[in-house]
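K.L.:
Please read through the structure below; I'll follow up with questions.
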Amino acid sequence: MKLYDKLFDAEKFTLTNGKTVSQKFTRMPLIILMLLIGITVSVWVTGFSLTMLFTNITGFWQILASMFPPKLSYFFQVWRPLLMTIQMSFFGSFFGSLMALPFAVLAASNITNNRVINLVVRFILTVVRTIPTLVSALIATYIFGLGTFAGTVAIFLFSFSFVGKQLFEYIETVDMGAYEALTATGADTPRAFVTTIFPQILPTYLSTALFAFEGNVRYAAILGYVGAGGIGMILNEKIGWREFQSVGMILLSIFVAVVIIETVSQQLRKYLS
Amino acid sequence: MIKFEHVSKTYPNGVKGLQDINLEIQDGEFIGIIGMSGAGKSTLIRTINRLNDITEGQLTVDGVEISGLKGKSLRQYRRKVGMIFQSYNLVPRISVIKNVLSSLVPDMPIMRVMFGLFSKEDKIKALEALDRVSMLDKAFVRTDQLSGGQQQRVSLARTLAQNPSVLLADEPVAALDPVTAHEVMDDFKRINEELGQTVLINIHHVDLALEYSKRIIGIRSGKIVYDGPVSGITKDILDLIYSKDGADK
Amino acid sequence: MNKKLETVLSKEPSRRVQYSITGAILLILLVSSSPALGGANMTSKGFEIGWNILTGIFTPDTSLLFGLGDSGVAYLILQTIAIAFLGTLVGAVIAVPLSFISATNIVPRPVVLVTRFIIMAIRTVPSLVYGLMFIRVTGPGPFAGVMTLAIVSIGMISKLFIETIEDLDTGILESLDAFGSTLFQKIRYGILPQLGSDFISILVYRFDMNLREATILGLVGAGGIGAPMIFALSAYHWHQVGAILIGLFLLVFIVEILSDKLRQKILHG
Ligand SMILES: Nc1ncnc2c1ncn2[C@@H]1O[C@H](COP(=O)(O)OP(=O)(O)OP(=O)(O)O)[C@@H](O)[C@H]1O
Ligand SMILES: [Mg+2]
């Protein structure tokens, strides 16, 4: 950027009263150039082609159309795996969020006064968070065997790292006055935390956990793809067998479930804030 | 008895908060500490509770050198020394009585603390403290619904509930209007007289300090420039404490 | 004295019922969710595999990790970034008009209800399903990945775009009207400057998310770093798995830091 500013002189305006105002040369050409390079490289690497897209897109619409009308009777096979998906999400989100609390406390520098502990815990949270849930689910199936447990573990890990990060960042912004006052009465760190910080973070904590749960229900639907249980298993199967009306029914069921859960959860979150 | 002997405090960034302080405070005294902003009033008061550590000299309370206290013994010491802050430092989201009860948690088993299980005696203790500052009727109100003066009273009640022998107050009335300020100061005075607790208050308003304290300590640039009875305060001494220039003559 | 305190104490509002109900509901939900623990079948083999993956991470296949060829981690990362980048752009191109016809301050309520329903429906279909559908259009490979990400981005991008559009300060438009500006001028000087930085920041955020999505598209054959990882996993090539996991971690981590910085800069100058 420095070089760029040197290359292109700043524009100087001299006002009638002799004052000068200078404006840096606009960065627009540079930004556009970088965007163009980015697009060109990406198109080349991915083999993106508008012509192919427009000639073949009918295939996409055909599959979509063949999902209608969804095969309603198929619901009797859908509800069990769907319920299982929700159960996995709930279990994983619940314990992940629970586990996140002590880690968030250890990661927050205003409560845990030890730089090394702060950094180690943050590193753990970051590593866990960067591994995509589907990848951890896949690895979990190798370790724990195929089935819902692997999916629950993956959701647990995601919720743990997500809630942990959000929570520790929030703890660091909390008002420390009451905490100091309790320290002054002779309370130790755990007691002071529980009585003064915890009531302050509780609504945000619950609401973050609920938010993670909402996202997890949506996400858990694909975990079956790697054999980690839930509705993704039959989804995968039906797509493979090209039974698109059943696929439509599965998607419809997920849609309804997600809408219901999101509505309830959003209502709860509104109440919390 | 609180005794400062050649106490100095240098902050990590090099600022000298206190310089060679010598003080002797008897039990049951009511002391007002005055001085300009940045003079070191807060630093002085906070060292007594060990919210700040001193860097030189000796600070003994009832014959115990307090800079040597650590962990459990430090927490036990703090039980005896109550602290009240300018910004109340209450948890806004919880009820008044919960805030008062919070000063009792250091003596409670951690499991009870976690689930907020306070015994009936504890609750009575908290209500008594609230009664002393005439806030009994607000016991179950959420703290953030109170006015500033009321919150400062709750904060005072919280400290009273721990039954300390020394009360430290860092500008407790700075954020209050004159009438409310007088009411809160009256509370301090009554507590000092009825319970015999030592009271040390930092005050911005000289009038209030002179009206309520029996002894005044004047600080400037981390040094004590006056220490004596209220009657000894003259215009010259106030000038010395509050004048802008010639800090270190 | 004590009488008075007792009477006050007796007035303490009891939360016991509220707490017990909440606790009971949670307990019931938890117990009824316990089938989620089914299928745990940790054998000594599973333990061994877990251990192998760990050792793989610490002893990665260096020729794969540092290789510059078509199968090296560097190229896979480039491909993943490219998929996420194009996917975000294409998604934005679709999302912008969709957002304008879903904003309550631009179109009437009934229209908004319909378009929002559509957005919600688009959002519900899992990415892998789109992936499988697009493979029928483009054949397997990164192109399918681009289209998949484009579609799955639409939901979030338009949701955030709509919020921005509804926050538009119309006062500026009025003052431009007062100058006698044309419609084009109003959009150019009244609307775009207000939306621009928010839109870009939303896109950067979505790019960050798409990058994570892009790492799993390989599962359905839609390109990116995910595919070789599956192969390596199923072939028990732990050192390769380790190399790819390291690449994945670095990629996601660095992009997250950069995108946070960039968004700070865009939003706060
Ligand atoms: N934590 C700290 N780190 C470094 N310097 C500090 C710290 N706290 C206070 N100081 C400095 O120490 C000096 C005394 O501060 P102190 O807070 O005791 O003043 P005060 O008399 O209470 O002022 P005020 O009336 O504004 O509250 C000031 O120069 C202040 O800048
Ligand atoms: Mg002060």
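Just so it is clear, none of the values below were taken in a lab; they were calculated from the coordinates. Computed from a predicted model, the values in this text were never measured in an experiment. In this analysis, Cβ positions are derived from the backbone assuming ideal geometry, glycine residues included, and neighbour counts consider all displayed protein chains.
K.L.:
Using a Cα distance threshold of under 27 Å, what count of lysine pairs results for chain A when pairs must be 8 or more residues apart or interchain?
P.N.:
Final tally of qualifying lysine pairs is 8.
K.L.:
Among the aspartates and glutamates, select those whose C-alpha is under 17 Å from the C-alpha of C:Lys3, and discard any that sit fewer than 8 residues away in the same chain.
P.N.:
Those aspartates and glutamates meeting the cut-off are B:Glu121, B:Asp122, B:Glu128, B:Asp131, B:Asp137, C:Glu12.
K.L.:
With viscosity set to 1.002 mPa s and temperature to 20 °C, compute the Stokes-Einstein D of the range C:140-268, Rh being the Kirkwood radius across alpha carbon pairs; µm²/s, no decimals.
P.N.:
Translational D for this selection: 123 µm²/s.
K.L.:
So, one more: Just to be sure I understand: with springs between alpha-carbon atoms less than 10 Å apart, which residue in B:Gly35, B:Gly232, B:Gly57 has the highest mean-square fluctuation in the Gaussian network model of chain B?
P.N.:
Highest fluctuation among the options: B:Gly232.
K.L.:
Would you pull out the residues with amide H under 5 Å of B:Asp227's amide H, same chain only if 5 or more places away, H placed 1.01 Å from N?
P.N.:
Amide H neighbours of B:Asp227: B:Gly218.
K.L.:
So how far, in whole Å, is the C-alpha centre of the range B:106-141 from the one of the range C:209-254?
P.N.:
56
K.L.:
Under Stokes-Einstein, with the Kirkwood radius over Cα pairs standing in for Rh, what whole-number D in µm²/s applies to the range B:162-241 at 20 °C and 1.002 mPa s?
P.N.:
Diffusion coefficient, whole number: 159 µm²/s.
K.L.:
OK, next. In whole Hz and in residue order, list the ³J(HN,Hα) couplings for the range C:243-251 that follow from phi through the Karplus curve 6.51 cos²θ - 1.76 cosθ + 1.60, θ = phi - 60°; x for Gly and Pro.
P.N.:
4, 5, 4, 4, x, 4, 4, 4, 4
K.L.:
Let me ask something additional. For a label point 7 Å from the Cα of A:Asn113 along Cα→C-beta, name the residues of the range B:55-72 whose backbone N is under 11 Å from it.
P.N.:
Residues B:71 qualify, since their backbone N sits under 11 Å from the label point.
K.L.:
Please tell me which of these pairs span more than 20 angstrom C-alpha to C-alpha: B:Lys98/B:Lys138; B:Lys9/B:Lys41; B:Lys123/C:Lys4; B:Lys9/B:Lys80?
P.N.:
Going by Cα-Cα distance, B:Lys9/B:Lys80 fall outside the 20 Å limit.
K.L.:
Which of C:Gly155, C:Val125, C:Ala92 sits closest to the plus end of the dipole of the range C:77-225, meaning its Cα is farthest towards the positive end, when Lys and Arg get +1 and Asp and Glu get -1 on the C-beta?
P.N.:
Positive-end residue among those listed: C:Val125.
K.L.:
Any chance you could check the Cα centroid distance between the range A:143-160 and the range C:32-88 for me, in angstrom?
P.N.:
Cα centroid to Cα centroid, the span is 15 Å.
K.L.:
Counting only other chains, what is the mean number of Cβ atoms within 10 angstrom of the Cβ of each residue in peptide B:116-124?
P.N.:
2
K.L.:
Please work out, to two decimal places, the log10 of the ratio I(q)/I(0) at q = 0.17, 0.23 Å⁻¹ from a Debye calculation in which every Cα of the range B:57-167 carries one identical scatterer.
P.N.:
One equal scatterer on each Cα of the range B:57-167 leads to -0.82, -1.25.
K.L.:
Using a 10 Å cut-off on Cβ atoms, rank the peptides A:167-173, C:242-248 from the highest mean neighbour count down.
P.N.:
Highest to lowest by the protection proxy: C:242-248, A:167-173.
K.L.:
Next up: Mind ranking C:49-56, A:55-62 by how tightly packed they are, going by the mean number of other C-beta atoms within 10 angstrom, highest first?
P.N.:
In descending order of packing, they fall as C:49-56, A:55-62.
K.L.:
Can you compute the charge dipole magnitude of chain C about its Cα centre, using +1 on each Lys and Arg Cβ and -1 on each Asp and Glu Cβ, nothing else charged? Give it in debye, rounded to the nearest 20.
P.N.:
Here chain C has a charge dipole of around 720 debye.
K.L.:
How large is ³J(HN,Hα), in whole Hz, for each residue of the range B:45-62 in order, when computed from phi with the Karplus curve 6.51 cos²θ - 1.76 cosθ + 1.60 and θ = phi - 60°, using x for Gly and Pro?
P.N.:
Per residue, the Karplus-derived 3J(HN,Hα) values read 5, 6, 5, 5, 8, 6, 6, 10, 9, 7, 9, 9, x, 10, 10, 10, 10, 6 Hz.
K.L.:
Ignore the peptide's own chain and count Cβ atoms of other chains within 10 Å of each Cβ in B:100-112; give me the average, rounded.
P.N.:
4
K.L.:
Let me ask something else. Over the protein assembly as shown, how many percent of alpha carbon pairs lie in each 20 Å bin up to the one with the longest distance?
P.N.:
Percent of Cα pairs in each bin: 13, 35, 30, 20, 2.
K.L.:
To one decimal place, what Kirkwood hydrodynamic radius in Å is obtained for chain C from all pairs of distinct Cα atoms?
P.N.:
22.8
K.L.:
For the peptides B:235-241, B:205-211, what is the packing order when you average, over each peptide's residues, the other Cβ atoms within 10 Å and list the highest mean first?
P.N.:
Put in order of decreasing packing, that is B:205-211, B:235-241.
K.L.:
With only Lys, Arg, Asp and Glu charged, each at its Cβ (+1 for the first two, -1 for the last two), find how big the charge dipole of the protein assembly as shown is about the Cα centre; round to the nearest 20 debye.
P.N.:
Using only the charged Cβ atoms, the result is roughly 1300 debye.
K.L.:
In whole angstrom, how far apart do the alpha carbon centroids of the range C:139-168 and the range A:71-99 sit?
P.N.:
A separation of 26 Å, based on Cα centres.
K.L.:
Mean Kyte-Doolittle of at least -1.0 and a Cα length of 20 Å or more along the axis: which whole DSSP H helices of chain A meet both?
P.N.:
A:28-46, A:50-66, A:75-107, A:115-130, A:148-171, A:198-220, A:244-272
K.L.:
Could you tell me the relative contact order of chain B? Use alpha-carbon pairs under 8 Å, at least six residues apart, and round to a whole percent.
P.N.:
Value for chain B: 28 percent.
K.L.:
Taking every DSSP beta bridge that has both residues in chain B, what percent is antiparallel when rounded to the nearest 5?
P.N.:
55
K.L.:
State the Kirkwood hydrodynamic radius of the range A:72-272 in Å, one decimal place, computed from all pairs of distinct Cα atoms.
P.N.:
Taking the inverse mean of 1/r over all distinct Cα pairs, the range A:72-272 comes out at 18.2 Å.
K.L.:
Also, I was wondering about something else. Would you be so kind as to identify which of B:Ala126, B:Leu59, B:His182 lies farthest towards the positive end of the dipole of chain B, taking Lys and Arg as +1 and Asp and Glu as -1 on Cβ and the Cα centre as origin?
P.N.:
Working it through, the farthest residue towards the positive pole turns out to be B:Ala126.
K.L.:
Further question on the same structure: Which far-off residues, 5 or more places away or on another chain, put their amide H under 5 Å from the one on B:Gln19, with H placed in the peptide plane?
P.N.:
For B:Gln19, the qualifying residues are B:Lys9, B:Lys223.
K.L.:
Rounded to a whole number, what is D in µm²/s for the range C:64-179 from Stokes-Einstein with the Kirkwood radius over alpha-carbon pairs (20 °C, 1.002 mPa s)?
P.N.:
So the translational diffusion coefficient is about 131 µm²/s.
K.L.:
On to the next question. Have a look at B:Ser231, B:Gln197, C:Val107 and report the one farthest towards the positive end of the charge dipole of the protein assembly as shown, computed about the Cα centre with Cβ charges (Lys/Arg +1, Asp/Glu -1).
P.N.:
Working it through, the farthest residue towards the positive pole turns out to be C:Val107.
K.L.:
Place a +1 charge on the Cβ of each Lys and Arg in the range C:103-212 and a -1 charge on the Cβ of each Asp and Glu, then give the dipole magnitude about the Cα centre in debye, rounded to the nearest 20.
P.N.:
About 540 debye.
K.L.:
Quick one: among A:Gly224, A:Gly18, A:Gly96, which has the greatest mean-square fluctuation in a GNM of chain A with alpha-carbon springs under 10 angstrom?
P.N.:
Of A:Gly224, A:Gly18, A:Gly96, the most mobile in the Gaussian network model is A:Gly18.
K.L.:
Going by amide H atoms built from the backbone, whose H comes under 5 Å of the H on B:Ile84, apart from near neighbours?
P.N.:
Amide H to amide H, under 5 Å and 5 or more residues apart or across chains, B:Ile84 pairs with B:Leu168, B:Ala169, B:Asp170.
K.L.:
Need one number: convex hull volume per residue for chain B, Cα atoms only, in Å³.
P.N.:
Enclosed volume per residue, from the Cα hull, is 135 Å³.
K.L.:
Percent antiparallel among DSSP beta bridges with both residues in the protein assembly as shown, to the nearest 5?
P.N.:
Given both bridge residues lie in the protein assembly as shown, the antiparallel proportion sits at roughly 55 percent.
K.L.:
Moving on to the next point. For chain C, set up a GNM with springs between Cα atoms under 10 Å and report which of C:Pro35, C:Pro110, C:Pro228 has the largest fluctuation.
P.N.:
C:Pro35
K.L.:
Related question: May I ask you to evaluate 6.51 cos²θ - 1.76 cosθ + 1.60, the Karplus curve with θ = phi - 60°, for each residue of the range B:227-239 and list the ³J(HN,Hα) values in order in whole Hz, giving x for glycine and proline?
P.N.:
These are the phi-based 3J(HN,Hα) values: 8, x, x, 4, 4, x, 6, 10, 4, 4, 5, 4, 4 Hz.
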